[in-house]
Structures are given as C-alpha cells and as structure tokens.
Amino acid sequence: MDPTTVAILGIVVMLGLIALGVPIAFSMAVTGIGGYWILVGWKQALSQIYINSIDKGSDIVFIALPLFILMGQLVYHSKLAVDLYDCVQKWFGWLPGGLAITSVAGCAGFGAVTGSSVAAVATIAPMSMPEMRRHNYDMQLATGALASAGTLAMLIPPSVILVAYGIWTETSIGHLFIAGIIPGLVLATMFGLYIWGRCVINPEMGPVGPRFTWNERISSLVKLLPIFTIFFVVLGGIYIGAFTPTEASGIGVTGVFTTALLMGRFTWHTAKQALLDAARTSAMIFAIIIGGHIIGAFLNVTGVTNGLITWIAELGVNKYVVLAIFVAMYLVLGAILDVWAMLILTLPFVFPVILSLGFDPVWFGVFIVVMVEIALITPPIGINVYVMHNLAPDIPLVTIFKGVFPFVIVALLFVVLLTAFPQMALFLVQLAFYS
Amino acid sequence: MSSIIELLIAGIDKGADALHWFAAVICIPAMTIVITVDVVMRYVFNAPFDWSIEFNEACLLVILFGSLPYTTKVNGHIRMELIYRTCKGGALRLANALWAMAGLFFSTLLAIRTANEIPFLIKIHKYTEFLGIPVWALRCIVLVSAVLMALYFLHLLFYGVRKIADENDLEGHIAEGKN
C-alpha cells in the first residue's frame, strides 16, 4: 500500500474512532502506531510510543502545564477574585452596562492569574449575577457577557492552552505569553465597548450601577495588590528574561499559595483538592499531547503533510483565503469537539501549512487561542455556556446562547483585526526579545 | 467469580489512587518548592542548584504517569460524546469495546516496550547525572502506570463502563451544578 493511501485510511479510522466515543488521545495514538507499523515496521512503532511518552513525560517545558493549572485552581479556591471584582466594580460600575463591563474586566483580571475560562466564569458569575439582577439587567446580555468574558482567561497569560500549543509546536512559551497580552486587552476592550454601546442605545438593557467617590476607587486598588504583584512578577520575569516560563509557573504558584495562606483563605482540604485536580488535568492533557505526537510522526512518514503543503502552494490561493478556510474549519470543529481535541487534532495538519504560508508561529498561537475561545461559547458543546447555565439555572440555555452570539461576532471581528495587524501580537515580543 | 473481580478491581483502584495522591500531593509541591528556591538561590546567592532540572524532570514524569491510571479510572480522557450518547444496546457495547481495545492496545504496547527497556537500564547501571536516581526506577513508574491502565481497559472490555465520579473535577462539578 502506498503511504498516501495508508495516511487517508488512517485519518478515516481515527475520525471513525473519535466519532464512536473512543478517547481522542487513544484514537490518535492507536491510528499513529498502526500506520507506523504498516509503513515502517513493528519495532519502530513500539519505539514511537516509548520515545514520545518518555520524552514528553520528562520534558522540562511541560512543567509549566501542571503548575499553571494549579495556579488557576489555587486562585479559584482561595477566592482572591472577590477583591478583584469589588475594585473593578468601583471603577466601571457607573457606566451604562457598567456591571456587565465589570464582569468582562473581572474575568480579564482573573485571567491574568489563571488560565482557566471555566474557573473564570465560575468565580465571577456568582458575584456579578446578583448585582445585575438587582439592577434589572437584561439577562441575555448579562449571561452572554459573563460566558464570553470567561474565555479571556485563555488568552491573557498565563494561559494553559498557550503552554500546550508551545509544547506541541516547539514555539517559545515565553514569546507566546508576551504575545497574548495586547490581544487579550484589546479583545476585553472590544467586549466592553460592545456592552457599553448596546446599553447607550438601549439603557434598559444595562442600567447604570452605583457611583463611587475617587477616594473609594483609589483605596480599592490596594486590595488588588496581591493579584497585580503575582501577574507582574510572572509576566515581568519572563519579559525581562529573569526566568523561564517553567520557573515563572513555580514562582506564580508559590506567590498565590503564600498570599492565600497569609489572607487565611486556605484549608488543607482546598489545597489538596487543587493539587489532585491539577495532576488529573495535566495527565489528561499529557495523554492527548502524546497521541498528537504519535499521529504527527505517522503523518510525517507518509509525507501527506508535505503533500498538503505542496498542493496548497500549487493551488496558488492567497494565504488569507487559506486562513479563512481554517477559521471556518475551527468554527465547525469547535461545535463538535472539545477545545483540547480541536487543538491537538488539527495542529499536525494546520501548523506546517501555516508556517509554509509565511505566518508567524507565535502570531498563530494567539490566533488559535481566539478560535478556541469561540469554540467555548458556540453550541452545542460551548462548555462556558453550560457552566453559566448551572450558575443561573433559571435562565434558559437558549437565552444564554443568544446572548453569546454578538460576542462571537465581536471575537470574529477581532480575528480579522489580528490578521490585518499581526503586530498587535508580535510588537511586545519583538520589543522584549529581539530589540 | 464476580467477587474475585471486585476484589481485583478494588486493588487496582487503590493502586491508582495511591499513585495519583503521591504524584499530586507530594511531587507537585516538591517541584514547586525546588523551582522557587532555585530561582532565589540563583539571584540572591548566585548559587543555583545543579540538580534542580533533573529533580523536576523526575517529578514531572511521576506526576504525569502517576495520574494517568486515575484519569483512566474516572473516565477523565477527552472524548467526543455526540454520537456515543445516542448509542444503545449493541451499538453501545461496540463503542465501549472499541474504546477498551484502543486503550488496551496503547497501554499494553507501552508496558511491553518499557518492560523490555528496564533490564537493559539495570544492566548498564544508568543513573541520573547529579542525584544518581536509577533511571530504571523511573521507568518502573511508567510500567506500573501502563499496567494499571491496561487492567482498567481489560475491565472495560469485559464488564463495561463504571460510573465513578471524580471528586476533584472542578469543571465537571461546575458544569453539573455541584459547585
């Protein structure tokens, strides 16, 4: 059998297994091993499993993954975000739609110390929903804003998705983190502006909240010191080259843990829960990354990836048309796959094509995270929407999905901006690492 | 017969839980402390640890492989359930069998390859450079992890899916409204 046929058969088998509910990590690994076995031989196939598992399992870069997951868990359990929300509300609450804008800013701030969108929604929603209900906010706007803003945690560093992308594509995680800062802030601002504009046009959707004095606003900033300090130490350390992302993750965990301990917000039980969950989530991501590497190695042997690149080059299609096709593909995949599956399953094909088209791998990391964010709020998977629904069970799922829709449009508009102005992601990277 | 199987699976559960606990509660904090102290030693005393990378690599291996059997036990691997949820009767049994065989294939091959490597590593006396950790001991953790996973998949193949809730699954808890 010629390699291309084996590759096509392999892809069909893998998609069949995934469709039938076989865990995606094993669907990829088994197909990769089988294909490798047919094309190269039994011994080499066995070696692929061993090399990929051991190499990735002891790759120093991988350390950042469990530690950043743990950092998010610790922030979630220690309720550090309560102070953050209180401060943001004092600054933005008085604007039209101010409480929804507060939710967006709160999620963005929460994202600065965690990389989990689910934790962001679960932390900010219980604080902001009662306030928005009290001020008679339109529930479609309120829940849509919260579910969508939660995704910002994935883009604003430290981001777990960016760590996984960096590991898989061998792109510098430090560069990716720095690249995520401006796009994260721009997207948060765009969400905020959308809410503000909508509430200016129709003030009943988001009545203004309480106004605070400048004294109260400024004094509330003091409470933000722990979160700001951790963020600036972690990101600042990477930015000035004081430490690697791996070291930054360790420092971040120590910082959050010490802060929460000093504030009396930790018990042995919550710390243990955070640790166990961080280890389990890391193992789950690890399995899918191994699977991705094995299928990637198999596709490499078949030459199908190079064939795809050559085929696209021969088509002579504009690179932005190819990118638009990828956007459409990710929108479809995001509706049927989990975000991790979507990421690892497509990277073996998409990443080489993106590189051959001349796109920057760091820029593409930011781009793909935005696509992942959209997947988190689009039906039928849209985990953030389900989380939001469980935190506000009286609001029907359909209402939340309707509320999320304008934010998906805003995010897509942001993708266009990011593509038109790649410097939005690359400016700080060039300033920090190449100037 | 069924009580023997129950005893066996209880034993496997205990092994997976213990390994997961050790990985999470011992290795993650140890790794965090070493990383933090190493940074402090480097900048404050200009004396970083030579052995920190080696130690962290070993911890990472234990964390990831140590938690894989537990993740398998609680069905914590990512899957697409759109079609699976609609399966009933024979279709469900087929889907479960495919799931079990795919996992069994992967974990058995990993176990075989690792088991082949261990005697060789013992024979050549391979130790880590600074801490002198025997490399075969680390591979034993990979082997135990692969064997435990293989046993879970065998159980899945013959006895179907076990409904085990993960008490520590934050996303699951929130999504199910238990938070």
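The values are calculated or read from the model by the stated rules, or taken from the named source; none is laboratory data. In this text, all values refer to a predicted model and were calculated from it rather than measured experimentally. Backbone-built Cβ (ideal geometry, glycine too); neighbour counts: all protein chains shown.
Can you tell me which residue among A:Ile285, A:Ile309, A:Ile295, A:Ile290 is β-branched (Val, Ile, Thr), closer than 30 Å to A:Asp59 by Cα and away from every other protein chain (no Cβ under 14 Å)? Give the steps one after another, and end with the answer.
On the way: A:Ile285 fails: away from every other protein chain (no Cβ under 14 Å); A:Ile295 fails: away from every other protein chain (no Cβ under 14 Å); A:Ile290 fails: away from every other protein chain (no Cβ under 14 Å).
The unique qualifying residue is A:Ile309.
Scan (1) within 14 Å of another protein chain (Cβ to nearest Cβ); (2) modelled with pLDDT of 95 or more for the single condition A:Pro379 breaks and write down its number.
So the condition that A:Pro379 fails would be (2).
Could you tell me which residue of the stretch B:84-129 is farthest from A:Gln44 (Cα to Cα), considering only residues that are β-branched (Val, Ile, Thr) and touching a residue at least 40 places away in the same chain (Cβ under 8 Å)? Steps first, answer last, please.
Let us first name the residues in the stretch B:84-129 that are β-branched (Val, Ile, Thr), namely B:86, B:108, B:112, B:114, B:118, B:122, B:124, B:128.
Subset that is touching a residue at least 40 places away in the same chain (Cβ under 8 Å): B:108, B:128.
Details: B:Thr108: 16, B:Thr128: 26 Å.
Top of the filtered list is B:Thr128.
Please identify the pairs in which a residue from the stretch A:20-41 that is on the phi > 0 side of the Ramachandran plot has its Cβ atom under 8 Å from the Cβ atom of a residue that is surrounded by fewer than 24 Cβ atoms within 10 Å (Cβ to Cβ) and of a type in the set (Val, Ile, Thr), counting only partners at least 6 apart or on another chain.
These pairs meet every condition: A:Gly21/B:Ile83.
Going residue by residue through the stretch B:103-123, is there one that turns out to be more than 22 Å from B:Gly66 (Cβ to Cβ), within 8 Å of another protein chain (Cβ to nearest Cβ), of a type in the set (Gly, Ala, Ser) and surrounded by 13 or more Cβ atoms within 10 Å (Cβ to Cβ)?
no
Which one of A:Val75, A:Val82, A:Val13 is modelled with pLDDT under 90, surrounded by fewer than 18 Cβ atoms within 10 Å (Cβ to Cβ) and either in a helix (DSSP H, G or I) or within 10 Å of chain B (Cβ to nearest Cβ) (or both)? Can you show your working first?
Numbers: A:Val75 fails: surrounded by fewer than 18 Cβ atoms within 10 Å (Cβ to Cβ); A:Val13 fails: modelled with pLDDT under 90.
The unique qualifying residue is A:Val82.
Within the stretch A:144-170, take every residue that is β-branched (Val, Ile, Thr) and part of a helix (DSSP H, G or I) and give me the one that is surrounded by the most Cβ atoms within 10 Å (Cβ to Cβ).
Keep residues of the stretch A:144-170 that are β-branched (Val, Ile, Thr), which gives A:151, A:156, A:160-161, A:163, A:167, A:169.
From what is left, the residues that are part of a helix (DSSP H, G or I) are A:160-161, A:163, A:167, A:169.
Numbers: A:Val160: 24, A:Ile161: 24, A:Val163: 28, A:Ile167: 21, A:Thr169: 19.
Looking at residues that are β-branched (Val, Ile, Thr) and part of a helix (DSSP H, G or I), I get A:Val163.
Check whether at least one residue in the stretch B:24-47 is more than 7 Å from chain A (Cβ to nearest Cβ), in contact (Cβ under 8 Å) with a residue 40 or more places away in the chain and assigned to a helix (DSSP H, G or I), and report yes or no.
no
Just to be sure, is B:Tyr43 modelled with pLDDT under 95 and closer than 22 Å to A:Ile344 by Cα?
Details: modelled with pLDDT under 95: yes; closer than 22 Å to A:Ile344 by Cα: no.
Criteria not met by B:Tyr43.
Scan the stretch A:96-116 and report the pairs whose first residue is closer than 14 Å to A:Gly206 by Cβ and whose second residue is in a helix (DSSP H, G or I) and of a type in the set (Lys, Arg), with Cβ atoms within less than 7 Å and a gap of 6+ or a chain change.
Close Cβ pairs satisfying both conditions: A:Gly97/A:Arg198.
State which residue is nearest to A:Ser148 (Cα to Cα) when the search covers only the stretch A:352-407 and only residues that are outside any helix (DSSP H, G or I) and in contact with a Gly (Cβ under 9 Å, 6 or more places away or on another chain). Show your work before the answer.
Applying the first criterion (outside any helix (DSSP H, G or I)) to the stretch A:352-407 yields A:357-360, A:376-382, A:392-396.
From what's left, in contact with a Gly (Cβ under 9 Å, 6 or more places away or on another chain): A:376-378, A:381-382, A:393, A:395.
Details: A:Leu376: 8, A:Ile377: 6, A:Thr378: 10, A:Ile381: 14, A:Gly382: 10, A:Pro393: 17, A:Ile395: 16 Å.
For the stretch A:352-407, the residue satisfying everything is A:Ile377.
Considering each residue of the stretch A:240-261, count those that are out of contact with any Gly (no Cβ under 8 Å at 6 or more places or on another chain) and in a helix (DSSP H, G or I), and give that number.
Adding up the residues that qualify gives 13.
Let me confirm something: among A:Leu299, A:Leu276, which residue is assigned to a helix (DSSP H, G or I), buried (at least 19 other Cβ atoms within 10 Å of the Cβ), in contact with a Ser or Thr (Cβ under 7 Å, 6 or more places away or on another chain) and not polar (S, T, N, Q)?
Step by step, each of A:Leu299, A:Leu276 is checked, and only A:Leu299 is assigned to a helix (DSSP H, G or I), buried (at least 19 other Cβ atoms within 10 Å of the Cβ), in contact with a Ser or Thr (Cβ under 7 Å, 6 or more places away or on another chain) and not polar (S, T, N, Q).
Give the residue, chosen from A:Phe257, A:Phe231, A:Phe243, A:Phe212, that is surrounded by 19 or more Cβ atoms within 10 Å (Cβ to Cβ) and either more than 14 Å from chain B (Cβ to nearest Cβ) or in contact with a Phe, Trp or Tyr (Cβ under 6 Å, 6 or more places away or on another chain) (or both). Working first, answer last.
Values: A:Phe257 fails: either more than 14 Å from chain B (Cβ to nearest Cβ) or in contact with a Phe, Trp or Tyr (Cβ under 6 Å, 6 or more places away or on another chain) (or both); A:Phe243 fails: either more than 14 Å from chain B (Cβ to nearest Cβ) or in contact with a Phe, Trp or Tyr (Cβ under 6 Å, 6 or more places away or on another chain) (or both); A:Phe212 fails: surrounded by 19 or more Cβ atoms within 10 Å (Cβ to Cβ).
Sole residue among the options that is surrounded by 19 or more Cβ atoms within 10 Å (Cβ to Cβ) and either more than 14 Å from chain B (Cβ to nearest Cβ) or in contact with a Phe, Trp or Tyr (Cβ under 6 Å, 6 or more places away or on another chain) (or both): A:Phe231.
Would you mention how many residues in the stretch A:408-435 are in a helix (DSSP H, G or I), free of Cβ contacts under 8 Å to residues at least 24 places away in the same chain and more than 19 Å from the chain's Cα centre (by Cα)? Step through it out loud before you land on a result.
At the first step, the residues of the stretch A:408-435 found to be in a helix (DSSP H, G or I) are A:408-420, A:423-434.
From what is left, the residues that are free of Cβ contacts under 8 Å to residues at least 24 places away in the same chain are A:409, A:416, A:420, A:423, A:430-431, A:434.
Okay, now just the ones that are also more than 19 Å from the chain's Cα centre (by Cα), so A:420, A:423, A:430-431, A:434.
Final tally of qualifying residues: 5.
So in the stretch A:101-143, with the set limited to residues that are within 17 Å of A:Phe231 (Cβ to Cβ) and outside any helix (DSSP H, G or I), which one is nearest to the other protein chains (Cβ to nearest Cβ)?
Per the criteria, the residue is A:Ser116.
Keeping to the stretch A:391-435, report how many residues are surrounded by 14 or more Cβ atoms within 10 Å (Cβ to Cβ) and polar (S, T, N, Q).
Looking only at that region, the number is 3.
For the condition more than 8 Å from every other protein chain (Cβ to nearest Cβ), out of contact with any Cys (no Cβ under 7 Å at 6 or more places or on another chain) and not in a helix (DSSP H, G or I), what is the one hit in B:Asp17, B:Asp50, B:Asp13? Break it down stepwise before answering.
Details: B:Asp17 fails: not in a helix (DSSP H, G or I); B:Asp13 fails: not in a helix (DSSP H, G or I).
Every option except B:Asp50 fails the conditions.
Taking the stretch A:287-346 as the region of interest, how many residues are closer than 26 Å to A:Ile51 by Cβ and of a type in the set (A, V, I, L, M)? Write out each step before concluding.
First, the residues of the stretch A:287-346 that are closer than 26 Å to A:Ile51 by Cβ: A:287-309, A:340-346.
With of a type in the set (A, V, I, L, M) added as a condition, the list becomes A:287-290, A:294-295, A:297, A:299, A:301, A:304, A:308-309, A:341-345.
Summing the residues that are closer than 26 Å to A:Ile51 by Cβ and of a type in the set (A, V, I, L, M) in the stretch A:287-346 gives 17.
If A:Ala328 passes every condition in (1) in a helix (DSSP H, G or I); (2) in contact (Cβ under 8 Å) with a residue 24 or more places away in the chain; (3) over 22 Å from B:Ala102 (Cα atoms) but one, which one does it miss?
Going through (1) in a helix (DSSP H, G or I); (2) in contact (Cβ under 8 Å) with a residue 24 or more places away in the chain; (3) over 22 Å from B:Ala102 (Cα atoms) one by one, A:Ala328 breaks only (2).
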